[in-house]
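Asker: Sharing a structure, written as structure tokens. Questions coming.
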Amino acid sequence: MFIYKAGVIGAGAMGAGIAQVISFSGLPVVLKDTDQERVDKGLAMIRKVYQSRVDKGKMTASEMDQKMKLVIGTTSYDDFKDCDLVIEAVFENMKVKHQVFQELEKVLPETAIMASNTSALSISQIASAVKHSDKVIGIHFFNPAPVMKLIEVIPGLQTSTETVDDAVAFAESLRKMPVRVKECAGFLVNRLLLPYLNEAAYAYQESSASMEDMDNAMRGFGMPMGPFALLDMLGLDVCADVSGILYDSFGPRMKAAEILGEMQKNNRLGVKNGIGFYVYDESKKADLKPVVDAIQAKTGVKGTAFSPERLVFQMINEAAFCLEENVASPSDIDLAMLAGTGFPQDKGGPLHYADAIGVDVVVEKLKELSKTLGPRFWPAPILKRMVAANYLGQKTKRGFFNY
Ligand code: CAA
């Protein structure tokens with residue numbers, strides 16, 4: 001199926017970013033939000049991305065104008081009537097998503113693809129609200145959408161093969177890297193990234209190290225930004241939503257660190273409202289120590305040790321659970337983490353990294369962390385089976401990959 005015109009619903013940071021990517025590929029794109037002020041804010045965000053390219057000499061001002069002309073801001077569903085593919089990027093509420101998809105279905109051509117950019121909600125459940133559920137699919141971008149190469153393509157239970165193939169081809173036409181992921185809570189990347197970020201939050205509330213030191217340590221490991229800077233960029237509200245969905249599906253190993261809920265309660269949402277773990281607006285400056293003290297008084301846990309492994313091993317362990325559930329292949333898991341989170345290229349992804357340090361070493365370390373920090377580190381069963389069968393990684397020439 002050829003896509004002549006696309007649409008995006010929700011002109012927030014993700015929606016606007018997605019519309020920028022689509023317009024950059026040369027396709028007209030309708031960008032909708034509930035009121036003109038939000039639409040204008042989205043259009044301004046897109047212009048800012050293009051302007052930065054003009055400033056760097058990567059495009060001319062007239063090329064920018066041509067690209068901006070491709071973006072049609074609107075507050076009406078009527079403007080979607082000739083769209084071949086629409087991506088919903090509204091906030092994470094199933095009721096709202098159902099309403100959006102039902103409105104969309106009323107105006108779209110029968111052949112159109114209806115995609116959701118949800119970070120963690122069930123695509124199958126979203127699809128259950130519409131007649132043409134075979135046309136519903138997850139097309140999940142990563143923040144910042146104009147930069148991150150990965151797109152997760154997630155079929156729901158009802159999605160047709162044709163829709164999946166069209167979504168993959170569409171992602172490629174945007175010059176992105178699509179990875180097909182089997183539907184599960186958090187899909188692939190969020191399912192691995194959130195436990196990593198959550199572990200940083202545990203380490204913070206336990207006063208294991210300062211957040212600056214932990215951010216520096218993770219950059220030292222090779223991540224493009226530290227976990228606290230990333231939590232602030234993603235938004236503590238978004239992270240809390242995704243954490244809740246992961247906990248609901250996978251249980252206690254995904255229990256969110258108390259500090260994440262407290263951040264939301266204290267309206268520290270991150271970059272978007274000027275204060276998160278870090279302070280972006282000096283007028284909002286407030287000490288987090290009383291919050292941390294109260295958590296420590298309640299949990300009785302403080303002064304635990306911090307190491308980059310503590311965070312990265314959460315990622316590796318969840319990758320092993322994903323492999324066991326056939327969420328994606330080992331090479332797709334690694335590729336997704338490289339392209340979706342900037343996991344260091346030289347380490348090749350969490351599974352190549354596990355193979356390099358030894359699967360047996362990973363299991364021993366997880367067992368140790370499980371004893372000291374709790375059962376959320378309990379090794380995925382597949383890891384123990386691999387060790388028992390001598391699949392130890394590079395040293396035995398076979399592990400997650402063959403060497
Ligand atoms: N919008 C558009 N472009 C942006 C941008 C933004 N918000 N932020 C940075 N850029 C561009 C810059 O303009 C620059 O472009 P050029 O190469 O053309 O000059 C380029 O990105 C690199 O930026 P910087 O030099 O300023 O900084 P950097 O090299 O540190 O990169 C980063 C910034 C891309 C954000 C990088 O730090 C990174 O990859 N961080 C990890 C982000 C991540 O993990 N994202 C996934 C989160 S999970 C998610 O999104 C899923 C979900 O559902 C919650």
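The values are calculated or read from the model by the stated rules, or taken from the named source; none is laboratory data. Because the structure is a prediction, the values reported are computed rather than measured. FYI the Cβ positions are ideal-geometry reconstructions off the backbone, even for glycines, and counts take in every protein chain you see. These area figures cover heavy atoms from the full protein model, side chains too; ligands, DNA and RNA do not enter into them. Shrake-Rupley method; radii C 1.70, N 1.55, O 1.52, S 1.80 Å.
Asker: Among the residues of region 185-196, which ones are out of contact with any strand residue (DSSP E or B) (no Cβ under 9 Å at 6 or more places or on another chain) and either within 12 Å of Leu323 (Cα to Cα) or surrounded by 24 or more Cβ atoms within 10 Å (Cβ to Cβ) (or both)?
Answerer: Going residue by residue through region 185-196, those that are out of contact with any strand residue (DSSP E or B) (no Cβ under 9 Å at 6 or more places or on another chain) are 185-186, 191-196.
Answer for region 185-196, where residues must be out of contact with any strand residue (DSSP E or B) (no Cβ under 9 Å at 6 or more places or on another chain) and either within 12 Å of Leu323 (Cα to Cα) or surrounded by 24 or more Cβ atoms within 10 Å (Cβ to Cβ) (or both): Gly186, Arg191, Leu192, Leu193, Leu194, Pro195, Tyr196.
Asker: Looking at (1) open to solvent by less than 20 Å² (accessible area, probe 1.4 Å); (2) assigned by TED's automatic domain parsing to the domain that holds Val49; (3) touching a Pro at 6+ places or on another chain (Cβ under 8 Å), which one does Glu172 not meet, given that it meets all the others?
Answerer: Glu172 satisfies every listed condition except (1).
Asker: If you check Asp33, Asp79, Asp65, Asp40, which single one turns out to be more than 16 Å from the ligand (Cβ to nearest atom), of a type in the set (Asp, Glu), closer than 25 Å to Asp166 by Cβ and not assigned by TED's automatic domain parsing to the domain that holds Gly244?
Answerer: Details: Asp33 fails: closer than 25 Å to Asp166 by Cβ; Asp65 fails: closer than 25 Å to Asp166 by Cβ; Asp40 fails: closer than 25 Å to Asp166 by Cβ.
When all the criteria are applied, what remains is Asp79.
Asker: Still on this structure, I have one more. Return the pairs, sorted by first residue and then second, in which the second residue is of a type in the set (Asp, Glu), the first residue lies in region 274-294 and is part of a helix (DSSP H, G or I), the beta carbons are less than 7 Å apart, and the residues are 6+ apart or on different chains.
Answerer: Val291/Glu262
Asker: Given (1) part of a loop (DSSP other than H, G, I, E, B); (2) more than 16 Å from the ligand (Cβ to nearest atom); (3) farther than 22 Å from Ile3 by Cα, where does Leu121 come up short, assuming only one miss?
Answerer: So the condition that Leu121 fails would be (2).
Asker: Here is a further query. Out of all the residues in region 88-143, which are closer than 25 Å to Glu172 by Cβ, among the acidic types (Asp, Glu) and open to solvent by 20 Å² or more (accessible area, probe 1.4 Å)?
Answerer: Glu110, Asp134
Asker: Next up: Considering every residue within region 309-330, establish whether at least one is closer than 24 Å to Ser243 by Cβ, among the basic types (Lys, Arg) and buried (at least 16 other Cβ atoms within 10 Å of the Cβ).
Answerer: Checked region 309-330: at least one residue is closer than 24 Å to Ser243 by Cβ, among the basic types (Lys, Arg) and buried (at least 16 other Cβ atoms within 10 Å of the Cβ).
Asker: I'd like the full set of residues that are free of Cβ contacts under 8 Å to residues at least 12 places away in the same chain and over 19 Å from the mean Cα position of the chain (by Cα), limited to region 76-98.
Answerer: Within region 76-98, Lys95, Val96 meet the criteria.
Asker: Would you pick out the residues in region 235-249 that are touching a helix residue (DSSP H, G or I) at 6+ places or on another chain (Cβ under 8 Å) and either open to solvent by 10 Å² or more (accessible area, probe 1.4 Å) or assigned to a helix (DSSP H, G or I) (or both)?
Answerer: Leu236, Asp237, Cys239, Ala240, Val242, Ser243, Leu246, Tyr247 - these are the residues of region 235-249 that are touching a helix residue (DSSP H, G or I) at 6+ places or on another chain (Cβ under 8 Å) and either open to solvent by 10 Å² or more (accessible area, probe 1.4 Å) or assigned to a helix (DSSP H, G or I) (or both).
Asker: Something else now. Just one of (1) in contact with a helix residue (DSSP H, G or I) (Cβ under 7 Å, 6 or more places away or on another chain); (2) surrounded by fewer than 21 Cβ atoms within 10 Å (Cβ to Cβ) trips up Leu288, so point out which.
Answerer: Status for Leu288: all satisfied but (1).
Asker: Every residue in region 197-219 that is crowded, with 20+ Cβ neighbours inside 10 Å, assigned to a helix (DSSP H, G or I) and acidic (Asp, Glu), please.
Answerer: Once the filter is applied, which keeps residues that are crowded, with 20+ Cβ neighbours inside 10 Å, assigned to a helix (DSSP H, G or I) and acidic (Asp, Glu), region 197-219 yields Glu199, Asp215.
Asker: Of all residues in region 255-273, which are small (Gly, Ala, Ser) and assigned to a helix (DSSP H, G or I)?
Answerer: Scanning region 255-273 gives a single hit, Gly261.
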